[in-house]
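Report on the following structure.
The values are calculated or read from the model by the stated rules, or taken from the named source; none is laboratory data. The shown structure was predicted, so the numbers you read here are calculated from the model rather than taken from an experiment. Backbone-built Cβ (ideal geometry, glycine too); neighbour counts: all protein chains shown. Remember, those area values only see protein heavy atoms, side chains included, never the ligands or the DNA or RNA. Shrake-Rupley method; radii C 1.70, N 1.55, O 1.52, S 1.80 Å.
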Amino acid sequence: MSCLSINNLTLKIAERTLCQSLSFEIQTGQSWGILGKNGVGKTTLLHTLAGIASPSTVVNPQANIELNNIPISQLKNQKLAQQLGILLQDFQDIFPSTVLDTALIGCHPHLKAWQWPNHDDINLVKKLLAQMELANYEQRNITSLSGGERRRLGLVTLLAQQTEFLLLDPVNHLDIAHQHQLLNYLTNAPFKQQHAIAMVMHDINLAKQYCDHILLIYEDGETRTGKAEEILTAENLTEVYGYPITELVTNEQSVFMAK
């Protein structure tokens, strides 16, 4: 079983501690939800796990992030990109491009220098575009896409990368139907068995429905990790968000609500 392990990680921006001595493991077959108030460092943590955070962010020399027992700092960029992919919170498309060409960028970690995507790569990307309801958008300019459409294209590009580990902020800009479509895709059994997923979540109930493990990040840099059913309690959520949260239990399910 593959594993992304985080050991004794402390992150700071300026004088603010985002997380303190954080240790946990993301294993194949798991879907982790990362929860916390705006600005606590959820996105910075994702960037750090992907190896793209500012060097000044990680402040303890003893910290270690390993991918299958190899420190990510020792992996060449292409090798790392073949195993781990990240879907960023927002996109800045500087140059015009078609939807198809943008999605094919995901194939690049598996190509040699000056090699172009082949027939199989194109077929894979077209299949993924169809699954994300973008099949008729292949020749559209990405600058013409809505925020939700660009988010779905970002996921297609990530999936075309064919990595085992996925780090993402998946539902930003998406309507409720596409939120569930995307999360169902990521957490369906056949896909999940072959991948390890860590997602920044902004909706507690979506995290409860689609994540089996949870990382809570508190404003003071403290963290709490574990199985979703153990971590997602009204008491823990009230504490992490600084706002009263209650759990409404029915015969079939339970949901969390702000008081």
query: Is it true that some residue in the stretch 36-59 is of a type outside the set (S, T, N, Q), modelled with pLDDT of 90 or more and in contact with a Lys or Arg (Cβ under 8 Å, 6 or more places away or on another chain)?
result: yes
task: Determine whether the stretch 206-227 contains at least one residue that is among the charged types (D, E, K, R) and closer than 30 Å to Glu133 by Cβ.
output: yes
- request: For residues that are within 12 Å of the chain's Cα centre (by Cα) and in a loop (DSSP other than H, G, I, E, B), scanning just the stretch 165-175, find the one that is surrounded by the most Cβ atoms within 10 Å (Cβ to Cβ).
  value: Pro170
task: Please work out if Lys127 is at pLDDT 95 or above, basic (Lys, Arg) and either surrounded by 19 or more Cβ atoms within 10 Å (Cβ to Cβ) or over 27 Å from Lys42 (Cα atoms) (or both).
output: yes
- prompt: Got at least one residue in the stretch 108-123 being open to solvent by 70 Å² or more (accessible area, probe 1.4 Å) and either among the small types (Gly, Ala, Ser) or under 19 Å from the mean Cα position of the chain (by Cα) (or both)?
  reply: yes
message: What pairs come out if I take residues in the stretch 115-144 that are at positive phi and pair them with residues that are surrounded by 13 or more Cβ atoms within 10 Å (Cβ to Cβ) and in a helix (DSSP H, G or I) whose C-beta lies under 9 Å away, six or more apart or interchain?
response: Glu133/Glu149; Glu133/Arg152; Glu133/His178; Glu133/Gln181
message: If the requirement is being hydrophobic (A, V, I, L, M, F, W, C), closer than 28 Å to Asp93 by Cα and free of Cβ contacts under 8 Å to residues at least 24 places away in the same chain, which of these qualifies: Ala160, Ala177?
response: Ala177
statement: When restricted to His195, His178, the only residue within 30 Å of Cys107 (Cβ to Cβ), more than 13 Å from the chain's Cα centre (by Cα) and open to solvent by 20 Å² or more (accessible area, probe 1.4 Å) is His178
message: Condition first: within 20 Å of Leu84 (Cβ to Cβ) and surrounded by fewer than 20 Cβ atoms within 10 Å (Cβ to Cβ). Now tell me which residues in the stretch 130-163 satisfy that.
response: Gln162
Residue that is most open to solvent (accessible area, probe 1.4 Å) [pool: residues in the stretch 224-259 that are within 16 Å of Gly33 (Cα to Cα), of a type in the set (S, T, N, Q) and free of Cβ contacts under 8 Å to residues at least 60 places away in the same chain]: Thr233
